[in-house]
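Below: the structure, in structure tokens.
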Amino acid sequence: MKKLLIPLLGGLLFLTACNNSTDDKKETSMKEPVIKTEALTYSSENSMDSLVMDGYIAWDSSITGKRPVVLVVHEWWGMNDYIKRRVRDLAGLGYLAMAVDFYGNNKRADNPTDAGNLAGPFYKDPQMAKARFDAALNVVRKYEIADTSKIAAIGYCFGGTQVLNMANLGEELLGVVSFHGGLQVVTPDKSKLKAQVLVCHGGADPFVPADEVAQFKKQMDSVGATYTFKVYDGATHAFSNPDATATGEKFKIPISYNAAADTASWNDMKNFFGTIFN
């Protein structure tokens, strides 16, 4: 009996040692992100555009080497803490992320009227929007840790529309993601559209009616675009922003936060990036 137990005990000790070794390796390889941020000002190279814009950049300093770049375009409120948080979240995923300030000169909105006035010109003049986007792109490309062959953009509400326009205008992007953005965009051109597209859409969004969705899909299909259209049932406009419910109640507008849609759309974005950055 003792002769049988000795090999068994030895085997158990060996397995325990192997499991401990594996656990140690996991703990060593799973480093906590160390997020570094930088606030900076920049301007457009467009001689007609003399605005000073506020940039916000974040990256994980615990990892080394170059990494993909993600530009983030704000909601119609302008540059705020919500967009900066998303930039830090992206840095935690291993990207070099930068918030794009479309309005410049410290312009922000705290009510729908002012927000509409600030956002309106960019819907009317996509080339002006492109100049603002390019200004940020020129800044982030200069970072040593930026892998300039792997650049994408995401946007929220107003920003979602803008990143779709940037793709349709031919920006050198691997992909764009629109979170609850409007879909009345620049008509896609097969010769210009290089980016893959992910649209994260609230199924109960009253600001983007079914006919607008159908028209968007028709336009994309007409040029053979590579796109994915995700719908989150019950989610309304601004579903990814935890502040949306209180804002909607304050100004009597139909927006609200939806935690399930927020999580699902963020995971869909991560999977999308995993595809385009490979």
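The values are calculated or read from the model by the stated rules, or taken from the named source; none is laboratory data. All of these numbers come straight from a predicted model, not from anything done at the bench. Cβ placement follows ideal geometry from the backbone for every residue including glycine, while neighbour counts extend to all protein chains displayed.
Among the residues making up region 224-278, those that are assigned to a helix (DSSP H, G or I) and more than 16 Å from the chain's Cα centre (by Cα) are 244, 245, 246, 247, 248, 249, 250, 251, 259, 260. Among the residues of region 135-193, the one identified as hydroxyl-bearing (Ser, Thr, Tyr), within 12 Å of the chain's Cα centre (by Cα) and closer than 19 Å to residue 58 by Cα is 156. From the list 31, 66, 36, 25, which residue is surrounded by fewer than 16 Cβ atoms within 10 Å (Cβ to Cβ) and at pLDDT below 65? One residue alone meets the criteria, 25. Taking the criterion of being without any contact (Cβ under 8 Å) to a residue 60 or more places away in the chain and closer than 18 Å to residue 238 by Cβ, the residues of region 106-116 that qualify are 108, 109, 110, 113, 114, 115, 116.
When the strands (runs of 3 or more DSSP E) confined to region 117-223 are screened for residues that are hydroxyl-bearing (Ser, Thr, Tyr) and in contact (Cβ under 8 Å) with a residue 60 or more places away in the chain, those reaching at least 1 such residues are found at 146-156. For region 253-274, residues that are out of contact with any helix residue (DSSP H, G or I) (no Cβ under 9 Å at 6 or more places or on another chain), surrounded by fewer than 15 Cβ atoms within 10 Å (Cβ to Cβ) and without any contact (Cβ under 8 Å) to a residue 60 or more places away in the chain total 6. All of 194, 250, 230 fail the test of being in contact with a helix residue (DSSP H, G or I) (Cβ under 6 Å, 6 or more places away or on another chain) and not polar (S, T, N, Q), apart from 230.
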